[in-house]
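The values are calculated or read from the model by the stated rules, or taken from the named source; none is laboratory data. Treat the numbers as computed from the prediction; the structure is a model and nothing was measured. FYI the Cβ positions are ideal-geometry reconstructions off the backbone, even for glycines, and counts take in every protein chain you see.
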Amino acid sequence: MGKNGVSREQKADLSHLNGEKREKNVRRDGQMDGYERIVSRLKAGSRVAASELVDVFYKQIFIYMRRLGHSSQTSEDLTQEAFLQIWQHIGQLRNSRALNSWIYKVANNVSRLYWRRHKDKIPEELDEKILKSDGKSSVSVAEENEQVMQVKASVAKLPLKLREAVVLHYMQHLTISEAAQAMGIREGTFKSRLGRGLDRLRKQIIKG
């Protein structure tokens, strides 16, 4: 036992955890540096950079549109529209490291505009796996699939702003800060919407 009351084993555990944290931070810093480089090239009019942007973000923005309840064809159209907006307004992005949340903000605005113009449209249920099952036992996968079936219909029934909050944070894996920026609201407001969304999901699943 050391002077500060921490055993060697505990120190080893803490060292391991700190190592993991440093590794994640290094990966994130590298990603942010990559964003800065690609934004700089985009602002200079690089077509190659534009192609790289599509390679990195197109699939996840399409999936985001699907998870918001848009049909497959509409999601394709809205994703393309979002990238047109991104290319046209890339000069408005002041902080290159905020590229990820800014792209989602543009996509979110495109989606909202569509819903305003098509108020009679009913969001579609999700037709893709929400939860990952990599490396899990067959029992875990079965339980997970049951959860997916329950959540599919429930997310589509959420009011738009609550749906956006739940999807951005829990399905697209944006941080609270990034998701709040994507929605153009304060973090406290986002947390409130996220909490209300989760509460409604629980109630809908229990009723179902």
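The residues of region 95-112 that are in a helix (DSSP H, G or I) and more than 17 Å from Ala165 (Cα to Cα), listed by number, are Ser96, Arg97, Ala98, Leu99. When you scan region 91-113, do you find a residue that is at negative phi, at pLDDT 95 or above and over 18 Å from the mean Cα position of the chain (by Cα), even just one? Yes, region 91-113 has at least one match. For first residues located in region 71-95 and farther than 18 Å from Glu178 by Cβ, partners that are surrounded by 15 or more Cβ atoms within 10 Å (Cβ to Cβ) and among the basic types (Lys, Arg) and lie 6+ apart or on another chain with Cβ distances below 8 Å form the pairs Ser72/Arg66; Ser75/Arg66.
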